[in-house]
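Engineer: Take this structure first; my questions come after.
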Amino acid sequence: MSATLAKGINSFKEVIDAPIASFFSSCVHCGLCAEACLFYTETGDAEYTPIHKLEPLRRVWQQEYTLLGKLGKMLGLSKPVTDAELAAWEPLVYDSCTLCGRCAMVCPVGNDMTYMIRKMREGMAASGHAPEDLVGATMRSITIGSPMGIKWPAVLAQIKHVQAETGITVPVDSPGAEYLVLMSSMEIINFPEYLSALSRIFKQAGVTWTLAQDAFEATNSGIQIGASDLAREIVSRIVVAAERLQVKCVISPECGHAFTALRWEGPNLMGRPFGFEVKHILEVLDELHAAGKIKTKGQDARPLTYHDPCQIARRGGVVEQPRRLLNAVAVDFREMPDAGVMNWCCGGGGGVSANSRAEPLRLEVFKHKKAQIEAVEVQTLITACANCRIVMEEGLEHYHMKVEVVGLTELVAQYLVEDKTT
Amino acid sequence: MKITQKAEIIPGTVGEGLAQRGVTRREFLQYCSTLAALLALPPAMAGAMAEAISKARRQSVIWLSFQECTGCTESITRSHSPTLENLIFDLISLDYHHTLQAASGEAAEQARMQAMKDNDGKYLLIVDGSIPLGNPGYSCIAGISNLDMLVETAKGAAAIVAVGTCAAFGGLPMADPNPTGAVSVGDIIKDKPIINVPGCPPIPVVMTGVLAHFLTFGGLPEMDALGRPKSFYGETIHDRCYRRPFYDQGKFAQSFDDEAARKGWCLFKLGCKGPVTYNACATTKWNDGTSFPIQSGHGCIGCSEPNFWDAGSFYQALSMPVTATPSMLAGAAAVGAAAGVAITWHNRSTKAAAKAVHEKVTVQDLTREVK
């Protein structure tokens, strides 16, 4: 078995649903989506107009699902979508779209281009037109368990390190716990602060939690590459573990697409509702803070700003929570222009950061984030997505900017009131 | 300050005519400034225009009237004497005009032949009324059919001005079912410059403005796709209407005698065709700048647009379908629903077929076989 054009076209036919049909038929070609897209505003290249990235899918819709299109196809007036065409579109679909969803916010007829790109990637992947790096990451997710090839021993090493540092035991596979905590590979490798911060916060809040040995990885390469069959397999690991341990809630970590994969796509992939809730870590922290279970003392004096990860704010609806938390722990919190649901993407979402071919373009479009940061004149940038964090750190490095990037969970833990006796 | 500059007077020119009538140069310059403004020419053009017009020979004009109501002639001659529109009318040599000329019968036709002979290739032909292509007897003058007279007279004309909607676009005679087979001037004459000055009737100053332009520059002004001078037909009535702010605020009169109508709100819902009608009524106005239909409380009927008689009721809002009846609408809905069901069924089977052949994607399926 291998990828073929026929499989890809068949997949296009399969993913075209009522929303996609209505989106294509209601597009008025106004071009407003271009102005909302980072890749267009920073390059001025009209090829990056979001709706244009969907052209092959649109043609299949027209040829297969519209009356005139069918007639045209019968009479040989319209050419079928070819392999060469899909190859030409591969960089548009994978390298220059971070699934950030900003275009969908400005579309006057309400077309959700992000939804369509996500679906279009199904056909791209099935026809063998997905970037090599994403194929590799998906392969590792399926065979090893994590896109970066991390296995449980690496997590275990981090647990040991955190326990030594905090003196708090990290629970593993503990049934009946309130929360199942997941992590992204990025946190396991680059940001051990996250697990350490969580241990301290949960201890203080007095809630029970656990990690699961067979489901520690929150990310889902199947979503990014666009292979629902694989995405289902990856998400089912978490669902199985959560139901086995009978937790009330699964916490999606500081990662953007992991939240989308588990919270929004998960139940649809599984074809059933979950027996537990899915929350982003910021939602949990905000709830604990509002309930008085965690308290903070002192405030950060540094001027700082907050980068809204697209999947968490725009696509996920978690907008107010980080602001309430930040206002509790920071004196000089400044909002960037367009902050909140209209925030600009870091440039590395939707699998772009995992795709080394896209790196020059990613650094080019980072100029927008750079300008946003410069506008508020801060040297501390808070965010809640490890992928945004690493992408922004690379961008800041590239443009020689002295700005530190910090995870919000970590920042909250820094000002946590801790009762050392319990 | 009254300066009566003695300009050089050349016998037989417009300038001589003006001098004879005791029109001062200042008055004439004022008139030219007004015309220049109306024609959207730069203010500096007024002097050049005055110069050109006063030195020009009196322009020979032949006016032919076909299937028409004489409303256009009424409009251009409707004078609040002495208006300057009338004045310039005296500056041309109107050699033939059924309604206005004193001569009749053979003498009248003789005048036309004489003017055509004396000014061959230079005279201006003005036409009002449409031309019947059916039985020539529907409309003829001195035994000559309209078609023959038009073709014969157009031959030696420098340019043709189609005055009124009938001459420009066919107008009322061409309205469904068009019993006489009426057509416009432009449908027949293809080898001469034609300018359309539509309206039922056109605004007097629009007609004289076009004539003045021809006298000054010896050619026709810039025209739109329908052959109308852009300076007068460049914008819609709606865009220049003083009631436009009400439209923008969604304030509409619902009937001609409700409170909203008395307050002067927008007449769109009462059938005003202002949004699709290009003409200068809202700015130039009628009767010496007194008023125009919308200002008098009635919507625009769109008289300067092609086929305006057949564009539905004057009192039906533009947003309403023109010809559909309730039973037609119901029928269309039923056909649409049936077609929708059929297409949905077909599309569903296409999608189901695609689903049926879906093979579960494994990681090995993400790459192509290397041959």
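The values are calculated or read from the model by the stated rules, or taken from the named source; none is laboratory data. These figures come from a predicted structure and were not determined experimentally. All Cβ positions, glycine included, derive from the backbone under ideal geometry; neighbour counts span all protein chains shown.
Engineer: Select, from A:Ile144, A:Ile150, the only residue that is surrounded by fewer than 22 Cβ atoms within 10 Å (Cβ to Cβ), away from chain B (no Cβ under 14 Å) and within 25 Å of A:Ala354 (Cα to Cα).
Structural biologist: The unique qualifying residue is A:Ile150.
Engineer: Oh, and also: I need every pair where a residue in region B:129-142 that is without any contact (Cβ under 8 Å) to a residue 24 or more places away in the chain has its Cβ under 6 Å from the Cβ of a residue that is among the polar types (S, T, N, Q) and crowded, with 16+ Cβ neighbours inside 10 Å, sequence separation at least 6 or different chains.
Structural biologist: B:Pro136/B:Ser145
Engineer: Just to check your reading of the model, which residue among B:Met223, B:Met149, B:Met113, B:Met207 is at pLDDT below 90 and either outside the structural domain of B:Cys303 (by TED's automatic domain parsing) or exposed (fewer than 15 other Cβ atoms within 10 Å of the Cβ) (or both)?
Structural biologist: B:Met207
Engineer: Now for a separate question. Condition first: assigned by TED's automatic domain parsing to the domain that holds A:Thr260 and in a loop (DSSP other than H, G, I, E, B). Can you find one or more residues in region A:180-189 that meet it?
Structural biologist: Among the residues of region A:180-189, at least one is assigned by TED's automatic domain parsing to the domain that holds A:Thr260 and in a loop (DSSP other than H, G, I, E, B), which makes the answer yes.
Engineer: Exactly one of (1) within 24 Å of A:Asp95 (Cα to Cα); (2) within 14 Å of chain B (Cβ to nearest Cβ); (3) not acidic (Asp, Glu) is unmet by A:Ile117. Its number?
Structural biologist: (2)
Engineer: Now for a different question. Pairs needed: first member in region A:1-22, within 8 Å of another protein chain (Cβ to nearest Cβ); second member anywhere, among the basic types (Lys, Arg); C-beta distance under 6 Å; at least 6 residues apart or different chains.
Structural biologist: A:Ser2/B:Arg368; A:Ala3/B:Arg368; A:Glu14/B:Lys355
Engineer: Looking only at region B:342-371, count every residue that is modelled with pLDDT of 90 or more, within 9 Å of chain A (Cβ to nearest Cβ) and outside any loop (DSSP other than H, G, I, E, B) and tell me the total.
Structural biologist: The qualifying residues number 7.
Engineer: With over 29 Å from A:Arg314 (Cβ atoms) and outside the structural domain of A:Arg357 (by TED's automatic domain parsing) as the only criterion, which of A:Ala84, A:Ala104 stands out?
Structural biologist: A:Ala84
Engineer: Additional query: Which one of the conditions (1) over 27 Å from A:Leu230 (Cα atoms); (2) in contact with a helix residue (DSSP H, G or I) (Cβ under 6 Å, 6 or more places away or on another chain); (3) of a type outside the set (Asp, Glu) does A:Ala164 fail to meet, given that it meets all the rest?
Structural biologist: For A:Ala164, the failing item is (2).
Engineer: Given the structure, is A:Ser174 away from chain B (no Cβ under 14 Å), surrounded by fewer than 24 Cβ atoms within 10 Å (Cβ to Cβ), more than 22 Å from A:Met139 (Cα to Cα) and out of contact with any Asp or Glu (no Cβ under 8 Å at 6 or more places or on another chain)?
Structural biologist: yes
Engineer: I need the full set of residues from region A:243-256 which are under 20 Å from A:Leu285 (Cβ atoms) and either surrounded by fewer than 24 Cβ atoms within 10 Å (Cβ to Cβ) or not hydroxyl-bearing (Ser, Thr, Tyr) (or both), in order please.
Structural biologist: Across region A:243-256, the qualifying residues are A:Val247, A:Lys248, A:Cys249, A:Val250, A:Ile251, A:Pro253, A:Glu254, A:Cys255, A:Gly256.
Engineer: Next up: For region A:49-92, how many residues meet the condition of being more than 26 Å from B:His346 (Cα to Cα), of a type in the set (A, V, I, L, M) and within 13 Å of another protein chain (Cβ to nearest Cβ)?
Structural biologist: 2
Engineer: In addition: If only one of A:Ile20, A:Ile9 is of a type in the set (Val, Ile, Thr), under 18 Å from A:Gly110 (Cα atoms), outside the structural domain of A:Glu364 (by TED's automatic domain parsing) and assigned to a helix (DSSP H, G or I), which one is it?
Structural biologist: A:Ile20
Engineer: Would you point out which residue out of A:Ala177, A:Ala157 is modelled with pLDDT under 95 and among the aliphatic types (A, V, I, L, M)?
Structural biologist: Being modelled with pLDDT under 95 and among the aliphatic types (A, V, I, L, M) holds for just one of A:Ala177, A:Ala157, which is A:Ala157.
Engineer: Residues B:Ala102, B:Ala19, B:Ala108, B:Ala52: which one is outside any helix (DSSP H, G or I) and modelled with pLDDT of 75 or more?
Structural biologist: The unique qualifying residue is B:Ala102.
Engineer: OK, next. Working only within region A:39-56, note down all residues that are outside any helix (DSSP H, G or I) and buried (at least 19 other Cβ atoms within 10 Å of the Cβ).
Structural biologist: A:Thr49, the sole residue that qualifies.
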